[in-house]
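Scroll down for the structure; my scribbles are underneath it.
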Number of protein chains: 2
Amino acid sequence: MSELALAAYAEAEHDRIVDTLFSWLRIPSISAAPDHAADVRASADFCQKLLVEAGLEHTSVLETGGGPAVYADWLHAGVDAPTVLVYGHHDVQPVDPLADWTSPPFEPVIVDGECRARGAVDDKGQTLYQIEAARGLLALQGRLPVNLKLLIEGEEEVGSPNFESLLVSEAGRFSCDVVVVSDTGMISPEVPSTTVGMRGLVAFDVAVRTASTDLHSGMWGGAVANAALVVARLTSGLHDEKGRVTLPGFYDRVRDLSVAEQASLDAQPFDENEFRAAAGDVRYLEGEFGYSPLERVGVRPTAEVVGLHSGYEGPGIKTIVPATGGFKVAFRLVPDQRPDEVDAAFRAWLAARSPDGLQVTVTPEGAVSPALTSLDHPAMAALSRTIELVWGRRPLFTREGGSGPEEALARVLAAPLLFLGVGLPGDRIHAPNERMVMDQFWKGLLAAGELLMELGGR
Amino acid sequence: MSELALAAYAEAEHDRIVDTLFSWLRIPSISAAPDHAADVRASADFCQKLLVEAGLEHTSVLETGGGPAVYADWLHAGVDAPTVLVYGHHDVQPVDPLADWTSPPFEPVIVDGECRARGAVDDKGQTLYQIEAARGLLALQGRLPVNLKLLIEGEEEVGSPNFESLLVSEAGRFSCDVVVVSDTGMISPEVPSTTVGMRGLVAFDVAVRTASTDLHSGMWGGAVANAALVVARLTSGLHDEKGRVTLPGFYDRVRDLSVAEQASLDAQPFDENEFRAAAGDVRYLEGEFGYSPLERVGVRPTAEVVGLHSGYEGPGIKTIVPATGGFKVAFRLVPDQRPDEVDAAFRAWLAARSPDGLQVTVTPEGAVSPALTSLDHPAMAALSRTIELVWGRRPLFTREGGSGPEEALARVLAAPLLFLGVGLPGDRIHAPNERMVMDQFWKGLLAAGELLMELGGR
């Protein structure tokens with residue numbers, strides 16, 4: 001790949017870049033944990049320092065009311081050059097269950113060509129190769145082929161509660177012609193792909209109470225309501241026997257795939273055993289009747305129970321009828337479903353299924369609209385060429401199942417989204433032993449540089 | 001009640017007895033918690049000291065392999081007097097959720113005539129009035145009307161795992177004509193009752209795993225198995241739409257009530273609002289179709305989900321598909337259901353409902369057969385007279401929903417069971433703010449003395 005602009009830079013700077021990655025990964029910037037707020041801030045400060053060292057300008061830590069974001073730019077490519085905003089995030093997921101990690105989550109190691117740590121691929125690693133690509137081009141050429149802005153968020157893993165208002169209040173500073181997001185993945189290094197759509201999300205925490213206190217099951221069991229059974233009946237009722245979500249009207253706005261997207265989906269290789277192994281030794285598949293696993297994870301809306309709890313969970317048995325319990329549910333949405341409509345449908349569904357007298361508390365846990373980029377946009381052609389240059393094959397077009405602040409970026413900034421993401425299906429993001437395959441990291445760095453050159457017209 | 005043998009004793013010794021109760025309740029003898037093993041032992045030592053001070057003989061702490069039991073006797077009533085074995089237990093339930101206690105669980109207080117502490121009624125308080133009754137009669141009369149044995153267990157709250165083998169190995173020492181159990185309750189002080197049967201118990205812990213690790217719900221959600229949904233579907237499937245337990249053959253051995261028991265059951269007062277309030281502000285009732293709440297808690301077998309868990313339960317949301325989960329279920333059994341048969345039925349039920357590939361681990365958490373005492377036994381007449389003397393009204397005959405080691409006592413010692421229990425429906429046993437209504441405690445002390453005199457033929 002010596003023809004690629006940053007090949008020599010990546011080789012010469014290899015050790016420094018790995019050291020930088022490790023230093024960043026050692027900061028436990030868990031945005032969901034209030035006691036890690038100082039770490040999220042330390043991560044933002046670290047990121048700002050990287051941006052300064054890269055030669056970018058106007059670097060600043062942006063207060064949001066929650067975890068701070070980081071911004072920098074380089075705006076000297078001229079008025080005819082496009083302006084590109086690169087998005088990433090520096091906060092990470094919680095690490096439990098900690099016992100399942102083979103090495104501590106905030107002590108990065110490279111084993112078998114994989115960097116293992118929380119945040120390795122989601123998203124510090126992917127953010128770092130974008131920063132290093134800009135640094136490399138500035139170092140080699142003294143300039144960039146585009147006007148570049150970088151916006152590194154600090155609250156992505158908690159649903160970006162302040163991101164849209166930040167975008168709105170700083171819309172002038174962030175204005176751009178195209179947004180490049182590096183927070184996604186591809187099918188495999190041999191079958192590179194890019195995301196053209198992302199599922200949205202509406203999530204809820206539901207708490208139920210059936211009595212003022214847990215009750216002795218010998219004395220009361222059989223006659224009083226059992227909160228554990230309430231939780232079980234509600235959550236098991238989220239799907240019908242065909243695996244379809246039972247919320248009224250849930251599928252009404254689901255848009256059919258375009259011909260090009262359906263063709264790309266049909267061209268994707270699929271082997272159930274490989275799919276299950278990549279997911280982490282998944283024992284069996286299930287889902288909506290009439291759709292393939294790839295359709296289920298990409299283009300169909302879902303309801304996932306993220307967690308549930310009730311009663312006694314310690315060692316042995318406690319002979320109680322539990323009085324309280326709860327569950328968390330995340331609905332993944334596809335175009336043109338609307339979070340507000342699904343919110344209303346869920347509340348109606350819950351009310352209809354709650355026995356009279358049950359005390360139910362619903363807490364919204366974030367809402368993101370689904371996002372979709374047109375395959376016909378010229379920037380998509382630039383991304384497609386870039387991926388072919390670096391991975392040796394034209395990419396397939398997929399939809400990412402995940403949600404993020406992308407929809408707000410596209411909508412508020414009125415710019416198309418490009419997804420340059422090097423994650424792989426076995427990366428265990430949000431789970432123990434998250435990894436970045438380092439060969440993908442270096443390809444990501446090369447691709448980030450090439451994409452800026454493609455967008456700048458070479 | 002000055003005509004009762006121990007009335008003056010109870011009044012004179014009031015403060016010392018309350019101090020003794022408080023001192024015992026301050027020992028956190030939680031048998032389910034390994035880190036409280038030393039407290040269970042301290043509680044046994046405390047109990048032994050009480051028995052020595054009461055004037056009983058052969059006092060000893062009996063090692064069981066788990067929490068120690070305590071034994072004492074007084075065997076000088078002569079060969080024509082009956083031998084009575086009194087059963088109680090000195091271990092207590094865990095205290096979580098600790099935040100729901102209005103005062104610390106191991107700092108007993110008396111408020112509104114109630115002693116509030118873990119173990120107040122289950123079972124240190126009920127054990128103490130038995131010990132004090134023996135002490136009082138010995139102090140007043142220099143002898144007891146029966147040959148008395150006391151056996152105070154230390155593992156009742158964890159299902160008495162070593163109790164039956166203790167009974168078998170010490171059967172000679174424990175041999176008796178009648179067993180008196182003080183670990184139950186009555187309908188109300190105005191409607192005294194005694195238990196003639198107790199439901200048995202078979203309990204299980206079930207752990208499931210659908211994958212090697214939690215998965216990102218955006219990436220995999222909709223296609224892979226969700227352990228939280230597995231838990232929800234299994235537990236919600238324990239009952240059919242009529243509230244009947246779905247295990248094959250579960251009801252085959254359930255014996256019809258005798259005419260006397262049905263009459264006693266029909267005579268019990270029942271007010272749904274009072275019943276729900278006594279249970280602790282229970283929001284609504286449910287259960288097996290075609291049976292009243294009192295039938296459901298006493299004479300019908302049940303399946304209770306004691307606890308369930310899966311996935312993320314912390315603040316906010318985590319966008320995962322959980323890979324592991326579990327639940328605990330306790331089946332309450334009635335005559336003539338057999339724990340071994342229900343065990344086999346549960347395992348078959350679980351296998352039939354588990355998707356191929358699901359990893360399921362079943363751990364037995366105790367098994368106790370149901371117990372039933374004949375209403376025709378002369379000792380039952382003695383108990384009935386005793387209750388009428390102390391509470392002013394002949395008792396109704398009920399079945400207790402709870403299980404304990406009583407079945408093993410009756411079977412191994414081949415003796416009828418009498419239940420002298422002063423607990424009340426609102427005592428919150430196994431729950432936060434457990435209480436002993438002190439008026440019931442003092443009546444229990446008087447009744448324990450009267451019962452020995454009745455059994456000794458006055």
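We did not get these values from a lab; they are worked out from the coordinates using the rules stated. Since this is a predicted model, take the numbers as computed values, not measurements. All Cβ positions, even for glycine, are placed from backbone atoms using ideal geometry, and neighbour counts span all protein chains on display.
Residues B:Thr195, A:Thr83 in ascending order of nearby Cβ atoms (within 10 Å, fewest first): A:Thr83, B:Thr195. Restricting the range A:55-147 to GluC sites (Glu not before Pro) that sit in a DSSP loop and have at most 16 other Cβ atoms within 10 Å of their own Cβ leaves A:Glu63. Summed over qualifying helices (DSSP H, 4 residues or more, each -39500 (n - 2.57)) and divided by its residue number, the protein assembly as shown shows a 222 nm mean residue ellipticity of -10000 deg cm²/dmol. Both radii were evaluated on the Cα set of chain B; the Rg over Rh quotient, with Rh as the Kirkwood radius, amounts to 0.99.
Taking amide hydrogens as placed 1.01 Å from N in the peptide plane, the amide H of B:Glu286 sits under 5 Å from those of A:Val224, A:Ala225, each at least 5 positions away in sequence or on another chain. Each part reduced to its alpha carbon centroid, the range A:325-345 and the range A:31-81 end up 31 Å apart. Restricting the calculation to alpha carbons of the protein assembly as shown gives Rg and Dmax of 34.0, 114 angstrom. Give me the Debye-computed log₁₀ of I(q)/I(0) at q = 0.19 Å⁻¹ for the range B:337-458, equal point scatterers on Cα only, no solvent, two decimals. At q = 0.19 Å⁻¹ the computed log10 ratios are -1.16. For the range B:171-206 versus the range A:369-400, the inter-centroid distance based on Cα atoms is 72 Å. Here the Kirkwood formula, the inverse mean of 1/r across different C-alpha pairs, assigns the range B:161-312 a hydrodynamic radius of 20.1 Å.
Over all Cα atoms in the range B:229-334, the spread is summed up by Rg and Dmax: 17.8, 58 Å. Working note: Karplus 6.51/-1.76/1.60 with θ = phi - 60° gives the range B:305-316 the couplings 7, 7, x, 8, 7, 5, x, 8, 10, x, x, x Hz, where Gly and Pro are set to x.
A P(r) calculated from all alpha carbon pairs of the range B:305-399, with 5 Å bins opening at zero, reads 2, 9, 13, 14, 11, 10, 9, 9, 7, 6, 6, 4, 2, 0 percent. Taking the centroid of alpha carbons for each part, the range A:231-296 and the range B:416-458 are 59 Å apart. The phi-based Karplus calculation (6.51 cos²θ - 1.76 cosθ + 1.60; θ = phi - 60°) puts the 3J(HN,Hα) values of the range A:266-271 at 5, 7, 5, x, 8, 10 Hz, whole numbers, x for Gly and Pro. For B:Glu365, the residues whose amide H sits under 5 Å from its own are B:Ala203, B:Phe204, B:Asp205, ignoring neighbours fewer than 5 places away on the same chain, with H placed 1.01 Å from N.
Of the GluC sites (Glu not before Pro) found in the range B:238-297, the ones in coil according to DSSP and having at most 16 other Cβ atoms within 10 Å of their Cβ are B:Glu241. Note on the range B:142-220: Cα convex hull, mean projected area over all directions, 12.3 nm². 3J(HN,Hα) along the range A:101-116, derived from phi through the Karplus expression 6.51 cos²θ - 1.76 cosθ + 1.60 where θ = phi - 60°, amounts to 6, 7, 9, x, x, 10, 10, x, 9, 10, 10, 6, x, 10, 8, 9 Hz, with x in place of Gly and Pro. How large is Rg over Rh for the range B:65-202, taking Rg from the Cα atoms and Rh as the Kirkwood inverse mean of 1/r across Cα pairs? That ratio is 1.00, to two decimals. Proximity of backbone amide H atoms, modeled 1.01 Å from N, is registered between B:Asn433 and B:Thr102 at under 5 Å, excluding neighbours fewer than 5 places apart on the same chain. With 26 Å as the limit on Cα-Cα distance, the pairs of A:Lys124/A:Lys149; B:Lys149/B:Lys443; B:Lys242/B:Lys318; A:Lys49/A:Lys149; B:Lys49/B:Lys149; A:Lys124/A:Lys443 that go past it are B:Lys242/B:Lys318. Under the combined filter of DSSP loop state and at most 12 neighbouring Cβ atoms within 10 Å, the range B:243-291 retains these chymotrypsin sites (Phe, Trp or Tyr not before Pro): B:Phe270, B:Phe289.
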